[in-house]
Structure formats: structure tokens, C-alpha cells
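I have placed the structure first, in the form of C-alpha cells, so that the comments after it can refer back to it.
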Amino acid sequence: MLSTDFINEFSEFKHYKGCFSYKNDNIYVIHIDDNVRVKIERITFDVARIYFTDKQGQQIPAPPNTILRNLMVNQNEPIHNNCFYITWITNYAFLRNGVEIFRLENQKHHVVKGELELVTEVIEQ
């Protein structure tokens, strides 16, 4: 499969592996091999950075042939200072050597809150 062919195919067979939040300072870590970790860290309430560390936690340059694809526009994100920068607005796919390793999927919804007396309904279409 070419790296441009996977946009709508990936989610069908991958499993939920947790979530990264822009609402706290937790750092989400993904082990992409025995020596390299991907870390996702909030910068602001709208922006986070993806960077790489060795297994001792020392930041390292992005591994060769690493791509972060913005799925909204189907374009690769540039690397700045050995980091990718992301926003909560779009979905991303992380590829290494042309193989998709993981996705970051925005859950686009709103929670409706109100007083107990508030009446709500959904009109399914």
C-alpha cells in the first residue's frame, strides 16, 4: 500500500490505544521500536508537539523516513526543531518507512450540559 492510499482504510483494523488531551499536561508516549519513543506534549490549549526520545528519555532527531500526514489536506507536515506540531482540529497519520504506525483522530463532537430540567432529543437522519 502506498502512503497516499491509506487515508480511509486504516481505522477499520486498528485498535484504540488511549488518547492525548489538550486539556492537561500529561505527555503521551508511543513506543515505535525498542529504542525510539514518540512523545506528544501539549504546548497550548490548541497546539501540541510530537518529538522523539531514546529509551533513556533523551530527545533525539526524528528518525529517517518519518512522516506526519495531515489527513484533512493529505499533505505531510514539516519538521521544525526535530518536532512536528499538531492542532486538535485535524486528524494525522504517523508513517515510518512508508508504513502507517498510528493515527491521531480528533473526536469531533460536543457534550451538551444543562440543568436537570433541560429537555434534549436527537433527530436521527
Between 77, 117, 100, which is of a type outside the set (Ser, Thr, Tyr) and touching a helix residue (DSSP H, G or I) at 6+ places or on another chain (Cβ under 9 Å)? 100
When every residue in segment 70-89 that is free of Cβ contacts under 8 Å to residues at least 60 places away in the same chain, buried (at least 16 other Cβ atoms within 10 Å of the Cβ) and not aromatic (Phe, Trp, Tyr) is compared, the one nearest to residue 24 (Cα to Cα) is 86
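Restricting attention to segment 23-57, which residues are β-branched (Val, Ile, Thr) and surrounded by 11 or more Cβ atoms within 10 Å (Cβ to Cβ)?
Within segment 23-57, the first condition is being β-branched (Val, Ile, Thr), and the residues that meet it are 27, 29-30, 32, 36, 38, 40, 43-44, 47, 50, 53.
27, 29, 30, 32, 36, 38, 40, 43, 47, 50, 53, listed by residue number.
May I ask you to list the residues in segment 93-125 that are more than 15 Å from residue 17 (Cβ to Cβ), basic (Lys, Arg) and touching a residue at least 40 places away in the same chain (Cβ under 8 Å)?
Pass one, segment 93-125, residues more than 15 Å from residue 17 (Cβ to Cβ): 95-99, 106, 108-125.
Those still in the list that are basic (Lys, Arg) too: 96, 108, 113.
Selection gives 96 alone.
FYI, it's all coordinate maths here, none of it is from the lab. Predicted, not measured: the structure shown is a model, and the values here were computed from it. Positions of Cβ are generated from backbone atoms using ideal geometry, with glycine treated the same way; all protein chains shown enter the neighbour counts.
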